[in-house]
1. I'd like to know if region A:236-246 contains one or more residues that are in contact with a Gly (Cβ under 9 Å, 6 or more places away or on another chain) and more than 16 Å from DNA strand C (Cβ to nearest atom).
2. Can you give me the ranges of the helices (runs of 4 or more DSSP H) entirely in region A:529-629 with at least 1 residues that are modelled with pLDDT of 90 or more?
3. Search region A:316-352 for residues being assigned to a helix (DSSP H, G or I) and over 20 Å from residue A:65 (Cβ atoms), and hand back the single one that is nearest to DNA strand B (Cβ to nearest atom).
4. What's the number of the condition residue A:168 fails, among (1) within 16 Å of DNA strand C (Cβ to nearest atom); (2) in a helix (DSSP H, G or I); (3) surrounded by fewer than 16 Cβ atoms within 10 Å (Cβ to Cβ)?
5. For region A:163-183, give me each residue that is within 11 Å of DNA strand B (Cβ to nearest atom) and either closer than 19 Å to residue A:457 by Cβ or of a type in the set (Asp, Glu) (or both).
6. For region A:272-295, enumerate the residues that are within 13 Å of DNA strand B (Cβ to nearest atom) and either out of contact with any helix residue (DSSP H, G or I) (no Cβ under 7 Å at 6 or more places or on another chain) or assigned to a strand (DSSP E or B) (or both).
7. Quick one: would you say residue A:67 is among the charged types (D, E, K, R), within 24 Å of residue A:635 (Cβ to Cβ), modelled with pLDDT under 95 and surrounded by 17 or more Cβ atoms within 10 Å (Cβ to Cβ)?
8. Please find, within region A:678-718, the residue that is surrounded by the fewest Cβ atoms within 10 Å (Cβ to Cβ) out of those that are away from DNA strand C (no atom under 16 Å from the Cβ) and among the basic types (Lys, Arg).
Amino acid sequence: MIDFESAPSSSGSGASGPPRAKPLARQWDAETVEAFLKGLNAKQREAAEATDGPLIVLAGAGSGKTKMLTSRIAYLISGKNVPAHQILAVTFTNKAAAEMRERVEKSLNIAAGSFQAPPVWHGGPWIGAPEIGTFHSVCMRLIRREMDRTGFTKPFVIYDDADQLSLIKGSFEKISLDDKAVNPKSIQGAINRLKCDAVEPQDLEPSSHNLFEKHLKRVYEQYQKDLFANNALDFGEIITLAYRILRDHEDVREKYQKRWQYLHVDEYQDTNRAQYLLLSQLAGKRTGGHQNICVVGDEDQSIYKWRGADIRNILDFEQDYPGARVVKLEQNYRSTQTIIKAASHVIANNQQRKDKTLWTDNEEGAKLVRAQLADERAEAEMVVGEIKRIASEDERAFKEFSIFYRTNAQSRQFEDVLRREKIPYQIVGGLRFYDRKEIKDVLAYLKVILNPTDSINLKRIINVPARGIGKTTLDKLETLHHSESDSLLGSSYWDVLKSVAHDTSGKTVSAGTSKKLLGFVQLIERLVVEQPKLMLSELYHLILDETGYARELRIEGTEEALARIENLEEFDNLLKEFEEDQFVSGASWSEEERAARKAALLPVFIEQSSLVSEGDKADPHASTVKLMTLHSSKGLEFPVVFLVGMEEGLFPSVRPWEETPDEDIEEERRLCYVGITRAREKLVMSHVVLRRFWGNTTYQDPSRFFAEIPDELIEFRDYSTSSRSPQFRANVARDYGFGAANAPGVPKPSGVHLDHSFSQESSSGIFGGGASVVGRKIRHPEYGRGTVIATDGSGDQQKITIDFKGSFGQRKFLLRYVASFFE
DNA sequence: TTTAGCTCAATTTTT
DNA sequence: TTGAGCTAAA
């Protein structure tokens, strides 16, 4: 391993060393340096120049924080003569990282791509480039550099959520835990939450009467072993492993504290506990860090609590880093005054926030619109109608419009109408390209070729396409595998598979079956041999040919199969593009260098594919209307925004059977704030009277967030009486036994429409007589076992507090909804 | 071994 | 309503 502390700061790379990005040997005169800072406002400039010591920048929506960050990095390099490689900047998305990299390069006026890590990376530094990447990519690089501290040896795979769930189900079997006793998905959720909090299995102390927690600890322990045995990491583990390396090895920690002298963290409000601890290892006082840490965030845009983001990280920064400088960026350059005022009024209802007031010099702009529609069909018609109208009246391109919804399920209505009207649209987010079945299948082949120890991907493809290896055979293999690993031989699933395939005695499986297995084993072995000789796309074609994957789909011939073939072709393009990227400007490379690059194609591609999201590629310039969830909208902006489904229960989202804590409502409110502040000029918010959910129909109240916007900023348009669809009428008639003529004025059942059988059963009141339920045990389908520790309210509104111990803690429920869960 | 029908569950998803 | 995952029949 190359010691990068003593590496020369000029490009004195050894004869056979890796190619390096060109060092920034340029001299910067004061005038040029000043030019970097000139475009900033006073606050932005203050933040950019406060380079030493802890700094927190509270950056409101649209306040130019990326501009500030990139100028700051450019200033560090040019004005402060900080070697570029001593600068680290972490973001959450690849897109944000790419943008930052690009903009720093641009302001330093150096060729785009100079900051790209060399594709073939041998563990040394690339002098002259700041390290800009996502938490996950930065941690992966660290882990790879320090691989000898981890026990991992081979190229590892990164398991996504689906892979993780499969592995967890396997862990259940290994410890003979019935997946009906606890739901593997809730265990998965709990494990991931624990990882976000950097809690390891040995830290858990399950109380003796809490079954869920006991199971959790056992599964978590086994799961960690299984991950290791598969040479696999999950997303949470990438962060926690990097953290543990730094925490447990002083020399490594010191090395990185020296290496990265200036830390930058974007979207700090979304960091979780593990990420927080990781940063403390690099910068913290207690760990001997330099404390040159600049975090940028907006507590009002923290919308990932449910994924472990800990809002305290941003709220408590000043305590964590005493003497921290605080700079607020409050001027918004994006939206009209009306939009900013509305957003500020909404967010002012939150308790958990810092004192920060967004303002703008922009013009007042049009009033917001609140539109009430009869049902979701009418809502979609209205939105698309408005898009057409505004597009022609204001001469706007379709790319200037966007539709935000709370849940993905809402997109369908809009898609239907957009398609009918032949308006080009694009769904941002949604199902990732890499999550499609056929892509996961071919990726699984690639991953297995790289790392046959990876049992999850091996099992995925062992009978895909169908080659006559059925459940019975798989069960036998599984049993063998378990007993083998018990005997500490440490054989992988792949080893077991090979030995069974070569066993023609007919003892374990029939001769016919072992022949089929052998066919598969030889296929993989052939591919493993061919891999280093081939370009990635050639290998891919070989896989498709040898397995007959595409052939099968072509024979199937259904529309779905054809779509899959298209995706496989798209994947081919992607591979070719990737190859070209890896070989740009490679004319002068030696044969060895070329061979090394070729061999590295597969591992580099695999890792990259595991760490990218669809959103990274969504083309903002394509002239299409963009549809996305509110979560995906963060960081984007559009001239015209439609915020749909603004109804109680849907947005803010509420689970009717459970009391919603204020914190959750606050998070929904932040989501609303994010949505509103995406709009530059026009914002239309809509809600419907009647909405169909999973087959049944409910009356919807308008979202409480409307009430938080002052009347003078918003115009109300009621389309619900004129736009009633036949479906609407039919539903009202069916559900309420009267014609639609009465409907709009009808006394609305408040809140959510209840399922009659359910509410009747519970109101008959097994516990209605006032008998205390405190101390009773309950088994909740989602949270497992718990004990009632308190009640309040009475009658229909009686609530109980249940302590689930473990990671779910105490939760409040309406008694009538959980009455049937008592043991 | 495959597949047709059944049950069950169902926010948000940067990596 | 939709989809995934599982059991019972071909």
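The values are calculated or read from the model by the stated rules, or taken from the named source; none is laboratory data. Predicted, not measured: the structure shown is a model, and the values here were computed from it. Counting neighbours? That spans all protein chains shown, and the Cβs are built from the backbone with ideal geometry, glycine included.
1. Scanning region A:236-246 turns up at least one residue that is in contact with a Gly (Cβ under 9 Å, 6 or more places away or on another chain) and more than 16 Å from DNA strand C (Cβ to nearest atom).
2. Per the criteria, A:536-547, A:559-582, A:591-610.
3. A:346
4. In the conditions (1) within 16 Å of DNA strand C (Cβ to nearest atom); (2) in a helix (DSSP H, G or I); (3) surrounded by fewer than 16 Cβ atoms within 10 Å (Cβ to Cβ), residue A:168 misses (3) alone.
5. The answer is A:164, and nothing else.
6. The answer is A:272, and nothing else.
7. It is true that residue A:67 is among the charged types (D, E, K, R), within 24 Å of residue A:635 (Cβ to Cβ), modelled with pLDDT under 95 and surrounded by 17 or more Cβ atoms within 10 Å (Cβ to Cβ).
8. Out of the qualifying residues, it is A:717.
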